[in-house]
Amino acid sequence: MKEKEEQHLEWLQQHQTTEPHLGLERVRRLLALRGNPHLQVSVIHVAGTNGKGSTIAHLRQLLQAKKLRVGTFTSPYLMSYNEQIAINGVSISDQDFHSLLQTYQGLLKKQADDTILQEITEFEIITVLAYEYFLQQQVDVVIMEVGLGGLLDSTNVCQPDLTAITTIGLDHTAILGTSLADIAEQKAGIIKEGVPLVTGKIASEPLAVIHNKAQQLQSPHVCYGQDYQVEPVQSSAEVEEFLFSNACRLKEGYQSALFGVHQVENAGLALELCDHYCYLKGLPLLRQDEIRRALKQTYWPARLEKISAAPLIFLDGAHNPHAMKALIASIESHFPDYQKKVLFSCIQTKDVQEMIALLKEVPQVQLLLTSFADARSFSKEEMQGLAKNEKLAFVNWEHYLTQYQRDEHEEKELLLITGSLYFLAEVRKYLLNDR
């Protein structure tokens with residue numbers, strides 16, 4: 001059995017592409033061969049530069065508090081491939097996953113002469129598989145996270161009940177465009193005619209692009225700061241408190257279990273999405289005590305995750321400048337007088353220079369660069385060269401962390417490990433297995 005499962009994964013990995021292969025034609029073709037499962041499930045579709053995963057984590061807990069069976073499709077995975085496809089937070093089983101993979105492998109073999117399907121990618125196969133799995137498992141609602149952009153992302157074949165755009169920042173500029181307006185145009189591609197859209201905290205220029213698109217498609221646009229408000233409350237503890245108001249709620253006080261000042265915006269967006277979804281489906285709104293319980297149960301690893309208390313170590317997958325600014329704001333807010341060590345690495349498609357520049361500006365910081373074993377990452381030699389140019393230290397992260405955990409540390413000292421989520425996945429596995 002194990003051998004067959006490995007063969008299925010090898011087959012799937014043969015469809016990996018080094019560059020994104022955007023477009024909807026291949027996905028639609030494969031979905032049609034599977035009876036169009038994407039049109040038979042209720043979908044909330046979530047796009048945005050950053051904050052998608054955290055918003056979805058909050059939203060899943062809120063919808064589960066309504067006793068709904070909630071499917072989630074998220075990427076990339078952190079610990080196991082299966083976690084990308086989950087129901088109520090439980091990943092698809094190996095048995096179900098490999099059974100579906102076997103079906104798809106056989107189907108694509110039969111369609112070998114189909115020139116369109118010959119070009120299908122791993123992410124596109126997984127997208128179709130997720131829609132089919134959720135239909136088979138009779139979920140009440142599916143939260144689909146956009147993989148890249150929006151307009152031409154393979155998830156964008158659905159007919160959602162509700163759409164969301166979390167944030168707009170500069171990322172994947174070679175593919176999505178070099179300005180915030182260009183990127184907003186791509187993200188706005190998920191807006192569907194007449195389908196309500198909820199947006200998070202977005203700057204005025206990209207927001208105008210999104211709003212114009214919503215108006216063109218006669219999609220009701222629910223806007224952060226106008227139609228719903230999220231007010232952070234200063235807190236000394238490692239929780240994020242905020243007041244939430246919308247058409248039905250007036251300054252209700254809540255806490256997000258996810259650490260980081262930006263998490264109140266993600267939690268607020270999720271709460272607005274939940275209220276709106278309940279309204280669309282004729283469901284009673286959640287009570288305040290139900291919301292508080294759901295938000296406290298929210299969990300999303302490698303987002304300012306405290307992986308160790310002594311020594312104090314945080315992991316955060318801030319993989320672009322927009323996310324890095326939010327991370328730095330959180331660290332400066334909660335640990336203003338701490339000595340900070342930062343261990344950083346990222347993949348080749350990211351703006352490494354700007355992220356290093358941002359990290360160097362953090363007060364009381366010692367910035368260390370490293371590399372990790374992944375074809376997408378900067379090589380050891382490249383990161384060593386970068387460290388030399390920036391007058392920074394380069395370390396082997398495994399050796400460094402082993403020694404760091406043995407050393408004595410100041411009471412007010414922390415280590416932040418950040419950058420690529422692919423890097424964080426390796427580090428997290430290493431630290432958790434190392435205990």
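The values are calculated or read from the model by the stated rules, or taken from the named source; none is laboratory data. Just so you know, these numbers come straight off a predicted model, no measurement behind them. Methodologically, a virtual Cβ is constructed for each residue, glycine included, from the backbone with ideal geometry; neighbour enumeration extends over all protein chains shown. For accessibility, only protein heavy atoms count, side chains too; no ligands or nucleic acids. Shrake-Rupley method; radii C 1.70, N 1.55, O 1.52, S 1.80 Å.
Nearest-5 percent of antiparallel DSSP beta bridges in the chain?
On the way: 19 of 56 bridges.
Expressed as a percentage, antiparallel bridges in the chain total about 35.
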Subject >> chymotrypsin sites (Phe, Trp or Tyr not before Pro) within the stretch 77-126, DSSP loop, no more than 15 other Cβ atoms inside 10 Å >> reply: Y77
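From the gyration tensor of the Cα coordinates in the chain, what semi-axes in whole Å does the equivalent ellipsoid have, largest first, with each one equal to sqrt(5λ)? Each step should come with its number before you reach the end.
On the way: eigenvalues 219, 162, 88 Å².
That gives 33, 28, 21 Å for the three semi-axes.
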Original post:
If you average over every viewing direction, what projected area does the convex hull of the Cα atoms of the stretch 171-310 give, in nm²?
Top reply: 10.4
Subject >> Listed residues K109, K380, K52, most fluctuating in the chain (Gaussian network, C-alpha, under 10 Å) >> reply: K109
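Across the stretch 171-246, how large is the tail of the calculated P(r) beyond 21 Å, expressed as a percent of all Cα pairs? Could you put the intermediate results ahead of the total?
Working: 1155 of 2850 pairs.
Of all Cα-Cα pairs in the stretch 171-246, 41 percent lie more than 21 Å apart.
Determine the shape class of the stretch 303-432: with a ≥ b ≥ c the square roots of the Cα gyration tensor eigenvalues, call it rounded for a/c under 1.5, and otherwise prolate if a/b is greater than b/c, oblate otherwise.
Rounded is the answer for the stretch 303-432, as its axis ratio a/c remains below 1.5.
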Subject >> Nonlocal amide H pairs with I347, under 5 Å, H built at 1.01 Å >> reply: S420
Subject >> Projected label distance in nm at Q403 and N36, using a 7 Å step from Cα toward the beta-carbon >> reply: 6.2
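In debye to the nearest 20, how big a dipole does the stretch 303-432 give about its Cα centre with +1 on each Lys and Arg Cβ and -1 on each Asp and Glu Cβ? Display every interim value, and only then the final one.
Working: 15 positive and 18 negative charges, 47 e Å.
The dipole magnitude comes to about 220 debye.
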**OP:** Can you grab the distance from the C-alpha centre of the stretch 367-432 to the C-alpha centre of the stretch 41-77, Å, no decimals?
**Re:** 31
**OP:** Tabulate in residue order the Karplus-calculated ³J(HN,Hα) for the stretch 329-346, using 6.51 cos²θ - 1.76 cosθ + 1.60 with θ = phi - 60°, rounded to whole Hz; enter x for Gly and Pro.
**Re:** 4, 5, 5, 5, 5, 8, 10, x, 9, 8, 6, 10, 10, 10, 9, 10, 7, 8
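Counting only protein chains, not ligands or nucleic acids, how are L176, L250, L33 ordered by accessible area (probe 1.4 Å), most first? The partial results should precede the final answer.
Details: L176 10, L250 145, L33 70 Å².
Ranked list, largest accessible area first: L250, L33, L176.
Do any chymotrypsin sites (Phe, Trp or Tyr not before Pro) in the stretch 379-433 lie in a DSSP loop with no more than 16 other beta carbon atoms within 10 Å, and if so, which?
Values: sites: F394, W397, Y400, Y404, Y422, F423, Y430; in loops: none.
Within the stretch 379-433, no chymotrypsin sites (Phe, Trp or Tyr not before Pro) qualify (loop, at most 16 other Cβ atoms within 10 Å).
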Original post:
Using a probe of 1.4 angstrom, how much of the accessible area of the stretch 303-432 is carbon and sulfur, in percent?
Top reply: 48
Original post:
List the GluC sites (Glu not before Pro) in the stretch 123-217 that DSSP assigns to loop (not H, G, I, E or B) and whose Cβ has at most 12 other Cβ atoms within 10 Å. Which are they?
Top reply: E193
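Between Q288 and A329, how high is the FRET efficiency from 1/(1 + (r/R0)^6) when r is the Cβ-Cβ distance and R₀ = 30 Å? Nearest 0.05. Please report the intermediate quantities before stating the final value.
On the way: r = 28 Å, r/R0 = 0.93.
Here the calculated transfer efficiency is 0.60.
Quick one: of K201/K350; K325/K360; K67/K296; K360/K391, which pairs are farther than 19 Å apart, Cα to Cα?
Numbers: K201/K350 23 Å; K325/K360 12 Å; K67/K296 17 Å; K360/K391 11 Å.
Distance filter (> 19 Å) returns K201/K350.
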**OP:** Run through the DSSP bridge list for the stretch 181-272 and note the antiparallel percent, rounded to the nearest 5.
**Re:** 70
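Which value, in Å², gives the accessible area per residue of the stretch 197-317 when a 1.4 Å probe is used on the protein heavy atoms? Numbers along the way, then the final one.
Working: 5430 Å² over 121 residues.
Per residue, the stretch 197-317 has an accessible area of 45 Å².
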Original post:
For H15 and A203 in one chain, what is 0.36 nm times their gap in residues minus the Cα-Cα distance, to one decimal in nm?
Top reply: 64.0 nm
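Please tell me the relative contact order of the stretch 1-299 in percent, rounded to the nearest whole number, where contacts are Cα pairs under 8 Å and at least six residues apart. Don't skip to the end; give the middle numbers.
On the way: 533 pairs, mean separation 64.9, N = 299.
The value is 22 percent.
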Original post:
Can you list the HN-Hα couplings for the stretch 405-413, worked out from phi with the Karplus curve (6.51, -1.76, 1.60; θ = phi - 60°), rounded to whole Hz and with x for Gly and Pro?
Top reply: 6, 7, 6, 7, 10, 4, 4, 9, 9
